[in-house]
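Following: one structure in structure tokens, then a few remarks.
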Amino acid sequence: MTAAFAPGFYTTETDAASVSGDWRLGGWTPKVLQLPEDLGNDARRIVLVELGRALGLGDVASVDGLASALAGTAPQTVLVWARGTEFADQQAGVWKALAEVLEARAKASPAFAVVLAGRDKKSKERDR
């Protein structure tokens with residue numbers, strides 16, 4: 001999955017600020033997503049809302065809404081998913097739907113990328 005977004009960018013949570021700085025130097029505008037550790041029973045809604053806010057798209061209510069809203073992201077935007085990828089192991093369906101939308105946006109325009117700053121080896125292996 002990550003190859004479609006930003007090949008070679010694997011990092012840890014503690015390096016997220018450094019990754020943002022590297023992208024900024026390259027002329028990109030990093031938007032950092034840091035989800036709460038505990039997403040509770042409504043992970044899908046929380047992830048969509050926080051993702052929309054991080055990207056400056058406002059509250060997003062559905063995966064389809066995210067797909068439409070992503071068309072409005074500024075050129076040279078990189079989403080740095082710095083915290084909260086753990087939910088992917090518990091909410092595989094939500095993760096798959098989000099990944100498909102983000103991947104489609106990245107393929108539609110090379111001026112959009114995603115950096116997954118997973119903090120554990122398991123998440124890095126899953127996202128390759």
Inset, instruction - Output the residue which, of all residues in segment 1-52 that are β-branched (Val, Ile, Thr) and modelled with pLDDT of 80 or more, is nearest to Ala88 (Cα to Cα). - result: Val47
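For segment 37-57, which residues satisfy the criterion of being surrounded by 12 or more Cβ atoms within 10 Å (Cβ to Cβ) and either in contact (Cβ under 8 Å) with a residue 60 or more places away in the chain or not in a helix (DSSP H, G or I) (or both)? Give the derivation first.
First pass over segment 37-57, keeping only residues surrounded by 12 or more Cβ atoms within 10 Å (Cβ to Cβ): 39, 43-57.
Across segment 37-57, the qualifying residues are Leu39, Leu55, Gly56, Leu57.
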Inset, instruction - Scan Ala69, Ala97, Ala61 and give me the residue that is under 24 Å from Trp28 (Cβ atoms) and of a type in the set (A, V, I, L, M). - result: Ala69
Inset, instruction - Provide a single number: the residues in segment 60-97 that are at pLDDT below 80, charged (D, E, K, R) and outside any loop (DSSP other than H, G, I, E, B). - result: 2
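The values are calculated or read from the model by the stated rules, or taken from the named source; none is laboratory data. Remember, predicted model here, so these are calculated numbers, not experimental data. Cβ sites come from the backbone with ideal geometry, for glycine too, and all protein chains shown count toward neighbours.
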